């Protein structure tokens, strides 16, 4: 089973859902995990209840995990083959890099990494090339952490922003399951 977590980069949620559809088309069993902000926040991109319903429908009716308590067993008690965080915000990336566990997604990541299984991050953050660059570096050095290739989405207006190319997610997951980082990392 693959855990698939969504964080609050709301403008990339549709891209992430498309990647999730491709994984489901490949026959993967997916356990959905939603950050608190994705679970509760309606935006111009998605209404919270509509997004929850879309994820639940794609995952065969599985209720998304959305609390720290429900995410905690995802380590030894309920092992996953891999955990995908797509999109992963800069805030979540920083917390994972620095061992902070205070959200459903960071708890899922902590619990999952205890089992030395692959964690795949599809970053979407406006501060990737500034405040979060050191956190990317930390996680690139960490065993079992992999990244979906990323690019600057608007170098002129958002010079520090990076967004993963979600079309690579399926290939990256297969590579991570084989203990490999798909290259190039920066497109």
Exercise. In which sequence would 121, 33, 100 go, from the one with the fewest C-beta neighbours within 10 Å to the one with the most?
Worked result: 100, 121, 33
Seminar exercise, completed: Contact order relative to length for the chain, counting C-alpha pairs under 8 Å separated by 6 or more residues, stands in percent at 21 percent
For this session: Once you've got the GNM for the chain with C-alpha springs shorter than 10 Å, pick whichever of 40, 89, 12 has the biggest mean-square fluctuation.
Result: 40
Problem set entry | Proxy reagent accessibility, fewest Cβ within 10 Å first, across 15, 112 | 15, 112
Problem set entry | the stretch 80-160 shape via C-alpha gyration tensor axes, a/c threshold 1.5 | prolate
Seminar exercise, completed: Over the chain, the sum of -39500 (n - 2.57) across DSSP H runs of at least four, divided by residue number and rounded to 500 deg cm²/dmol, gives at 222 nm -10000 deg cm²/dmol
Exercise. Top mean-square fluctuation among 142, 21, 151, Gaussian network model of the chain, C-alpha springs under 10 Å?
Worked result: 142
For this session: Using a 10 angstrom cutoff on alpha carbons, build the Gaussian network for the chain and name the most mobile of 26, 70, 116.
Result: 26
Exercise. Ranking 63, 50 by Cβ neighbours within 10 Å, fewest first, what do you get?
Worked result: 50, 63
Problem set entry | Pairwise centroid distance, computed over Cα atoms, of the stretch 68-103 with the stretch 32-46, Å | 16 Å
Exercise. Over all pairs of distinct alpha carbons, what does the Kirkwood formula give as the hydrodynamic radius of the chain, in Å?
Worked result: 16.1 Å
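Laboratory data are not the source of any read-out in this text; all were calculated from the coordinates shown. Since the structure is predicted, the reported quantities are computational estimates derived from the model, not experimental observations. Using ideal geometry, Cβ is built from the backbone for each residue, glycine included, and neighbour counts are taken over all protein chains shown.
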